[in-house]
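Peer 1: Mind having a look at this structure? Questions to follow.
The values are calculated or read from the model by the stated rules, or taken from the named source; none is laboratory data. Every value quoted in this text rests on a predicted model; they were computed, and no experiment measured them. For neighbour counting, all protein chains shown are included, and Cβ atoms are generated from backbone atoms with ideal geometry for every residue, glycine included. In case anyone asks, the SASA skips ligands and DNA or RNA and just uses the protein heavy atoms, side chains included. Shrake-Rupley method; radii C 1.70, N 1.55, O 1.52, S 1.80 Å.
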Amino acid sequence: MSQGYGQQASGGQDQQWSQAPGGDPGVGSMTSPTASTAAKIVKWLMILTIAVVAYRALMGIVSFITGFLLSASGAVASDPEAALIGSRLLDLILLAINGLVSLALLVASVITAIRTRSKGRIGAILIVAALVISVVLFWVNQVIFRVTVVSATDLDAAMTWSFVHIGLEIGRWLLIAAMMIAGAVMARRWVKQNAGAAQTA
């Protein structure tokens, strides 16, 4: 009888031990409610990333077309002060909208970094880094623009540096867009992998 009791106790311990690794939330996939929440957050992260990348491209195109139309119409030559005020006002409106969308993306990235792990967290951090680097490069390019284009006394030099400024802005957009998209894709893949693991668990 004592032998049977010992076998029963041993079998119960073995069963509990075998269930412990699989039931540990830190090993394998997430629990279903956590996975569902992370999936929703990452979905919004992807949407906001696409929105920010597309809007910034649109913002650059609008600014370029506006400057070209002002120059072609002769508004800059006839009334440079009014043309400058109008151009700056448009830039402020575009920047304000960009700031709001970027702030929403930043919040979603921080929440994603908190609620996910592994590559999901790395992807979210990559987006945050891209937003910070974007601001730094923007102001660096603005300083270059002020020193070269605005202060230029020669029209040819001003035009040359204007194209340099445009090229730097395009390069900045490409770099930041690549970082943001890569981060969002990493987070999305992490959610899919964990969803698949949860279904097979």
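Peer 1: Out of all the residues in region 122-139, which are buried (at least 16 other Cβ atoms within 10 Å of the Cβ) and farther than 17 Å from Ala178 by Cα?
Peer 2: Listed by number, the list is empty, since nothing qualifies.
Peer 1: Return the pairs, sorted by first residue and then second, in which the second residue is outside any helix (DSSP H, G or I), the first residue lies in region 182-194 and is crowded, with 19+ Cβ neighbours inside 10 Å, the beta carbons are less than 6 Å apart, and the residues are 6+ apart or on different chains.
Peer 2: Asn194/Ser29; Asn194/Met30
Peer 1: Could I ask something else about it? So Thr116 ticks every box in (1) within 14 Å of Ile41 (Cα to Cα); (2) open to solvent by 60 Å² or more (accessible area, probe 1.4 Å) but one. Which box is left unticked?
Peer 2: Tallying (1) within 14 Å of Ile41 (Cα to Cα); (2) open to solvent by 60 Å² or more (accessible area, probe 1.4 Å), Thr116 fails exactly one: (2).
Peer 1: Which one of Val136, Val101, Val128 is without any contact (Cβ under 8 Å) to a residue 24 or more places away in the chain and within 25 Å of Val191 (Cβ to Cβ)?
Peer 2: On the way: Val136 fails: within 25 Å of Val191 (Cβ to Cβ); Val101 fails: without any contact (Cβ under 8 Å) to a residue 24 or more places away in the chain.
It is Val128.
Peer 1: If you don't mind, another one. Search region 148-163 for residues being within 19 Å of Asp91 (Cα to Cα) and touching a Phe, Trp or Tyr at 6+ places or on another chain (Cβ under 9 Å), and hand back the single one that is modelled with the lowest pLDDT. Explain how you work it out, then say what you get.
Peer 2: Pass one, region 148-163, residues within 19 Å of Asp91 (Cα to Cα): 149-150, 162-163.
Next cut, touching a Phe, Trp or Tyr at 6+ places or on another chain (Cβ under 9 Å) only: 149, 162.
Details: Val149: 67, Ser162: 75.
My answer is Val149.
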